[in-house]
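Colleague: After the structure tokens below, expect a handful of questions from me.
Rule-based calculations on the coordinates, nothing more; no lab input. Note that the structure is predicted; figures quoted are calculated from it, not measured. Cβ atoms come from the backbone with ideal geometry, glycine included; neighbour counts cover every protein chain shown.
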């Protein structure tokens, strides 16, 4: 027997949106006339640490999207981004200096000071 951790299957995991973040996202959707849309979580190359988070609102699910529900919010994530955002938690802070959406990513080896960029 080895002492290594059991490998978690690629497709297992989730994306969690805290109640505070869900409330804020639903408010933004309503302001933009996008009630009934889902949150799309993704990543793209760039930023000061190599990868940048992307959040947008979409009405239609993509063919290969993973779909989650968290605190009343539907979340879509494409399979490429899933490698990087698996098991993240999206939170929101209304702090005057450091407010905004905060993403806690257990897959990130390093994050930047602004919190929107990371490396794995």
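Colleague: Using every pair of alpha-carbon atoms in region 16-119, split the distances into 10 Å bins beginning at 0 and state the percent of pairs per bin, rounded to integers.
Modeller: Computed distribution, short to long bins: 15, 47, 34, 4.
Colleague: Along the Cα-to-Cβ line of residue 107, 7 Å from the Cα, sits a label point; which residues in region 85-99 have backbone N less than 14 Å from it?
Modeller: Under 14 Å, as judged by backbone N against the label point of residue 107, lie 85-90 of region 85-99.
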